[in-house]
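Novice: Structure below; questions to follow.
The values are calculated or read from the model by the stated rules, or taken from the named source; none is laboratory data. Given the structure is predicted, the values throughout are model-derived calculations rather than measurements. Cβ coordinates were reconstructed from backbone atoms using ideal geometry, including for glycine residues, and neighbour counts include every protein chain displayed. Only protein heavy atoms, including side chains, enter the accessible area calculation; ligands, DNA and RNA are left aside. Shrake-Rupley method; radii C 1.70, N 1.55, O 1.52, S 1.80 Å.
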Amino acid sequence: MASTMTKDAGGDVEPLPNRRMDRALIAALRIGVAVLWIQNTGWKRPPDFGEDSGRGLYMWTKFAVDREVFAPYAWFVEHVVLPNFTLFGWLTLIVEASLGAFLLVGLATRLWAAVGVAQSLAIMLSVLKAPHEWHWSYFLMILAHLVIFATAAGRTAGLDGVLRPRWRQSKSKAARLLMRAS
Amino acid sequence: MSGLDRRLARAAMWLGVVGVFAASFALASGPWKPADIKGLPVVVTIVLGLVAIVGARLTMRVVVLVSAVGYLAAALLQLAQFGRSTNWLGGSGSTFALFLGLGVGLLAVALAPTLDPDKETQ
């Protein structure tokens, strides 16, 4: 019978459990975070993304300047993002929709979890000091993506788990990249 | 083009089931509505989900591929028309995201190589 203890540089450590319930909970976290992104692409409306009315995505983005959280980010939003807001709006919509899409099916999950950390950070730096915002919402978003990254959550009830053995057998560059992304 | 092996067929089956299940979002509202699915997208997601399920049952890649291309076409149509006066699917970015996920997922399954068991055990 295999030992339940493994040895590493730090000495004997108890390995993480690999029970069905634990795997299901990891999948539930990934799918839940995917739904978060999918649902929140619904109110980011092209073609102006709220620029004309001063509402919607434009209003939330402008909080980065009006209620500054981090000065370099506020400068970037004021001088780069807001003057090119239509382009920024489309980028936001496509990145967030892709986050929802890829996390939902568990494809290239670690890559998209890293993108999710970056996007959550950008949102946090925009709205952390906006009225009625709960700062832990954004800390929890970042932490949830870090857990998805650390557990490679697409390998549990996701396509990464089905496709990785095939990518491993392939010699193509795309397969090697997907192995790293999953 | 070889057929789908057991694991690929099961993945296509689950993605098809999710597609059909997404039709139930039409009955949800407020925070319980994951994506804007109502009207025509209900029909689209049921039909394309059933095509994926049939492809999985028959282990036919080409049928799964048809479902994938259908979802991706619907996603692109939604992206192009969302927020405009002409919006045939009547959805939003959430409809785009959902259809994109199902389309990309089914495409990855349909185009995946068959696993070589000899190589896997090496």
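Novice: Apply the Karplus parameterisation 6.51 cos²θ - 1.76 cosθ + 1.60, with θ equal to phi minus 60°, to every residue of the range A:38-55 and state each ³J(HN,Hα) to the nearest whole Hz, in sequence, with x for glycine and proline.
Specialist: Each residue's phi maps through the Karplus curve to give 4, 4, 7, 7, x, 9, 8, 9, x, x, 9, 6, x, 5, 5, 8, x, 10 Hz.
Novice: Over chain B, what relative contact order in percent results from Cα pairs under 8 Å that are six or more residues apart?
Specialist: Rounded, it is 30 percent for chain B.
Novice: Does chain B classify as rounded, prolate or oblate by the C-alpha gyration tensor (a ≥ b ≥ c root eigenvalues; a/c under 1.5 gives rounded; else a/b over b/c gives prolate, otherwise oblate)?
Specialist: prolate
Novice: If you don't mind, another one. How many Cβ atoms of partner chains, on average, are near each residue of B:30-40 if near means within 10 Å of its Cβ?
Specialist: That average works out to 2.
Novice: While we're on this one: Where a Cα-Cα gap under 19 Å defines reach, which lysines qualify for B:Lys119, not counting those fewer than 8 residues away within the same chain?
Specialist: Qualifying lysines at Cα under 19 Å: A:Lys171, A:Lys173.
Novice: Here's another thing I want to ask about it. Could you work out what % of the accessible surface of the range B:20-107 is carbon and sulfur, using a 1.4 angstrom probe and leaving DNA, RNA and ligands out of the count?
Specialist: 76
Novice: In degrees from 0 to 90, rounded to the nearest 10, what is the angle of the helix B:93-111 Cα long axis to the longest principal axis of chain B?
Specialist: Around 10 degrees separate the two axes.
Novice: Follow-up question, since we're still on this one. With every protein chain present, what accessible area does A:Ile94 have (1.4 Å probe, heavy atoms only), rounded to the nearest 10 Å²?
Specialist: Roll a 1.4 Å probe over it and A:Ile94 shows about 70 Å².
Novice: For the interface of chains A and B, what total accessible area is buried with a 1.4 Å probe, rounded to the nearest 100 Å²?
Specialist: Summing both chains' loss of accessible area gives about 2400 Å².
Novice: Across peptide B:84-92, what mean number of C-beta atoms from other chains lies inside 10 Å of a residue's C-beta?
Specialist: Details: counts 3, 0, 0, 0, 0, 0, 0, 1, 7.
Mean number of neighbouring Cβ atoms from other chains: 1.
Novice: Probe 1.4 Å, all protein chains in place: accessible area of A:Ser53 in Å², nearest 10?
Specialist: Result for A:Ser53: roughly 80 Å² accessible.
Novice: If you don't mind, another one. Scattering from the C-alpha atoms of the range A:72-157 alone, worked out with Debye: what is log10 I(q)/I(0) at q = 0.21, 0.22 1/Å?
Specialist: Cα-only, vacuum Debye calculation for the range A:72-157: -1.04, -1.09.
Novice: Using only Cα atoms, find the angle between the long axis of helix A:85-105 and the longest principal axis of chain A, and express it within 0 to 90 degrees, rounded to the nearest 10.
Specialist: For A:85-105 against chain A, the angle is about 20 degrees.
Novice: How far is helix A:135-150 tilted, in degrees, relative to the longest principal axis of the Cα atoms in chain A, given as a value from 0 to 90 rounded to the nearest 10?
Specialist: 30
Novice: Based on Cα coordinates alone, diagonalise the gyration tensor for the range A:12-75, multiply each eigenvalue by 5, take square roots, and list the semi-axes in whole Å, largest first.
Specialist: One finds semi-axes of 39, 19, 6 Å for the range A:12-75.
Novice: Per DSSP H run of at least 4 residues, take -39500 (n - 2.57); add these up for chain A, divide by its residues and hand me the 222 nm value, nearest 500 deg cm²/dmol.
Specialist: The per-residue figure over chain A is -20500 deg cm²/dmol.
Novice: Related question: Working with all protein chains in place, sort A:Trp60, A:Trp75, B:Trp88 by solvent-accessible area computed with a 1.4 Å probe, largest first. Show your work: numbers first, answer last.
Specialist: On the way: A:Trp60 80, A:Trp75 145, B:Trp88 175 Å².
Result, largest first: B:Trp88, A:Trp75, A:Trp60.
Novice: Counting pairs of alpha carbon atoms under 8 Å apart in space and at least six apart in sequence, what relative contact order in percent does the range A:101-154 give?
Specialist: RCO, the range A:101-154: 53 percent.
Novice: What list of ³J(HN,Hα) values in whole Hz, one per residue of the range B:7-17 in order, does the Karplus curve 6.51 cos²θ - 1.76 cosθ + 1.60 (θ = phi - 60°) give from phi, with Gly and Pro shown as x?
Specialist: 5, 5, 4, 5, 5, 4, 4, 5, 5, x, 4
Novice: Shifting gears a bit: Straight-line reach from A:Lys44: which lysines fall under 24 Å, measuring Cα to Cα and dropping same-chain residues less than 8 apart?
Specialist: A:Lys62, A:Lys129, B:Lys33, B:Lys38
Novice: Using only the Cα atoms of chain A, what semi-axes does the equivalent ellipsoid have when each is the square root of 5 times a gyration tensor eigenvalue? Give whole Å, largest first.
Specialist: 36, 19, 15
Novice: Over all residues in B:56-68, what is the mean tally of Cβ atoms on other chains that come within 10 Å of each residue's Cβ?
Specialist: Details: counts 0, 0, 0, 0, 0, 0, 0, 0, 0, 0, 0, 0, 0.
Taking all residues of B:56-68 together, the mean is 0.
Novice: Let me ask something else about it. Work out which residues of the range A:14-41 lose at minimum 40 square angstrom of accessible surface when the other protein chains are put back, relative to the chain isolated, with a 1.4 angstrom probe, and list them by number.
Specialist: A:Ile38, A:Gln39
Novice: Simple spin-label model, 7 Å along Cα-to-Cβ: B:Val42 to A:Ala150 in nm?
Specialist: Simple spin-label model gives 4.3 nm for this pair.
Novice: Quick one: what Rg and Dmax do you get for the protein assembly as shown from the alpha carbons, in Å?
Specialist: Values for the protein assembly as shown (Cα only, Rg and Dmax): 20.9, 68 Å.
Novice: In the full protein assembly as shown, how much of A:Arg23 is accessible to a 1.4 Å probe, in Å² to the nearest 10?
Specialist: Only protein atoms counted, so the area is about 90 Å².
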